[in-house]
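Colleague: I have a structure I would like to understand better, so I am pasting it below and will then ask my questions one at a time.
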Amino acid sequence: VQLQASGGGLVQAGGSLRLSCAASGRSFSTYVMGWFRQAPGKEREFVAAISWSGDNTVYADSVKGRFTVSRDNAKNTLYLQMNSLKPEDTAVYYCAASTAQRIVVMVYMYTYWGQGTLVTVSS
């Protein structure tokens, strides 16, 4: 599966952005999907993940209550709605696909990665 993330940009603190990740190829609905981010000088970190059906989600503590992950399997698209953004949310955001049988949060469990989209939150 090939992934293409989009929707990043510059936003003021407290604002919102919606990221999208378009998947090409078959069987999008069979992948656990995740969002990760990487700030300058830091390691890539888990943000959110969603099960095949979309019924189950997991979030990093740092974004819980502010971010919402969702998917539309008919459109082969993953989303990340980001509200109440903070300057510390500034990073390149990546979408990724995993063949795991359940939701996973570790970077190495994801096989396919998008190219990343930059989110900058100004204070």
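Colleague: Looking at the chain, send over the antiparallel percent of its DSSP beta bridges, to the nearest 5.
Modeller: 90
Colleague: Right, next: Starting from the exponent 0.38 and prefactor 2.2 Å, build the expected Rg for the chain from its residue count and divide its actual Cα Rg by it.
Modeller: That works out to 0.97 for the chain.
Colleague: Net charge around SER84, counting only other residues with Cβ within less than 13 Å of its Cβ (Lys, Arg = +1; Asp, Glu = -1)?
Modeller: Residues near SER84 contribute +1 overall.
Colleague: When you take every Cα atom in segment 56-123, what is the radius of gyration, and what is Dmax, the widest Cα pair distance, in Å?
Modeller: In order Rg, Dmax, the Cα atoms of segment 56-123 give 12.9, 40 Å.
Colleague: Whole-Hz Karplus ³J(HN,Hα) for segment 35-42, in order, using 6.51 cos²θ - 1.76 cosθ + 1.60 and θ = phi - 60°, x for Gly and Pro?
Modeller: Here the 3J(HN,Hα) series is 10, 10, 9, 9, 8, x, x, 10 Hz.
Colleague: On to the next question. Report in % the part of the accessible area of segment 1-87 that belongs to carbon and sulfur, leaving out ligands and nucleic acids; probe 1.4 Å.
Modeller: That fraction is 44 percent.
The values are calculated or read from the model by the stated rules, or taken from the named source; none is laboratory data. On a predicted model such as this, the values are computed, not experimentally measured, just so you know. Positions of Cβ are backbone-derived with ideal geometry, glycine not excepted, and every protein chain shown enters the neighbour counts. The area values use the complete protein model at the heavy-atom level, side chains included, leaving out ligands, DNA and RNA. Shrake-Rupley method; radii C 1.70, N 1.55, O 1.52, S 1.80 Å.
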